[in-house]
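The structure appears below as structure tokens.
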Amino acid sequence: MKKIIVLLCAALILLVQSGLAQFTGQSVSKAGTSAAAFLQIPIGARAVGMGGAFVAIADDITSLYWNPAGSARLQYREVIFSHIDWIADIRFDYAAVAVPVPRFGTLGISFSSMSMDDMMVRTVERPEGTGEMFSSGSIAIGVHYSRNLTDRFSIGATAKYVSERIWDMRAAGFAIDFGALFTTDFLNGMRIGAAMTNFGTDMQMSGRNTRMHGRIDERKQGTTDRVPLNIEMNKWPMPLSFQFGLANDFVRTEMHLLTVSMDAHYPSNNFQSMNVGGEYGFNDLLFFRA
């Protein structure tokens, strides 16, 4: 078992090193250069309340989003349903269930959706609308598995199908999340977490909205202007992200619990950042987070 853990850690380090190489010396944010950006909308009031510094905590159902390894430590079945009225009249929904199976691991499924109301099709010639309506939305469906390799070391992974659409155009792809969680002997059992999310295929829009008619050569007279054409769409990568975190309970008594966590975040479509969060719990009943 120790050899397996060493090999897994070595593989994770090599994977992270190869991934971080593309971020070294990054001088621009690269925002808007990836597909399926809805995958980066954070899940869970607790994690969001701690500023997203959650990869080393991940001890509830939201671990399926933050760090798949955390669900291996669930003692009971957990379910989450979340609805968010997001910006610009956009709706975001998330649902997941995780079921611990004795001597096997934890199985889970997740579903996320971003949607909005239908909108009018407008053109330069008809700015008040053509009479047509169009819609836009995105979904992601994930299948999850995690396992405790020892009483201190856990791993987990999620395979996802991702789809986006707008009007009559669609794009689809597949992605995986991978995470590891380790509890040390330092302090009050300081936890170390690492997660790689949205490592997947490129996505390319296709559909009848790319079809049009035109001339092969505008410089030549007498040629037909009804030649069928198809616009070639670019391929865009998933929003790949690496996160590394530390978390520790600096106060742990029967009445009081004070947890502080810190994450280093390396996204492929934004600047690197550091997230720091804290949680104070009183009598396991009242919680303050920042």
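Quick look at the values:
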read-out	value
Test set (1) modelled with pLDDT of 90 or more; (2) surrounded by 13 or more Cβ atoms within 10 Å (Cβ to Cβ); (3) more than 27 Å from the chain's Cα centre (by Cα) - Thr197 fails condition number	(3)
Residues of segment 39-76 satisfying the condition of being farther than 19 Å from Gly108 by Cα and among the basic types (Lys, Arg)	Arg46
Residues located in segment 232-252, provided they are among the small types (Gly, Ala, Ser) and touching a Gly at 6+ places or on another chain (Cβ under 8 Å)	Gly245, Ala247
Count - residues of segment 261-284 that are closer than 21 Å to Asn188 by Cα and of a type in the set (A, V, I, L, M, F, W, C)	3
Strands (runs of 3 or more DSSP E) lying entirely in segment 211-288 (those with 1 or more residues that are loosely packed, with under 11 Cβ neighbours inside 10 Å)	211-214, 227-230, 273-282
Boolean, Ser206 is touching a helix residue (DSSP H, G or I) at 6+ places or on another chain (Cβ under 6 Å) and not aromatic (Phe, Trp, Tyr)	no
The one condition in (1) in contact (Cβ under 8 Å) with a residue 60 or more places away in the chain; (2) in a loop (DSSP other than H, G, I, E, B); (3) touching a strand residue (DSSP E or B) at 6+ places or on another chain (Cβ under 7 Å) that Ala171 fails to fulfil	(2)
First in segment 227-248 and within 30 Å of Leu181 (Cβ to Cβ), second anywhere and surrounded by 18 or more Cβ atoms within 10 Å (Cβ to Cβ) and of a type in the set (D, E, K, R), Cβ under 6 Å, 6 or more apart	Gln243/Asp263; Gly245/Asp263; Ala247/Arg191
Segment 89-119, subset more than 18 Å from the chain's Cα centre (by Cα) and without any contact (Cβ under 8 Å) to a residue 24 or more places away in the chain, residue farthest from Ser63 (Cα to Cα)	Met119
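The values are calculated or read from the model by the stated rules, or taken from the named source; none is laboratory data. Just so it is clear, the structure is predicted and the values come from calculations on it, not from any experiment. For neighbour counting, all protein chains shown are included, and Cβ atoms are generated from backbone atoms with ideal geometry for every residue, glycine included.
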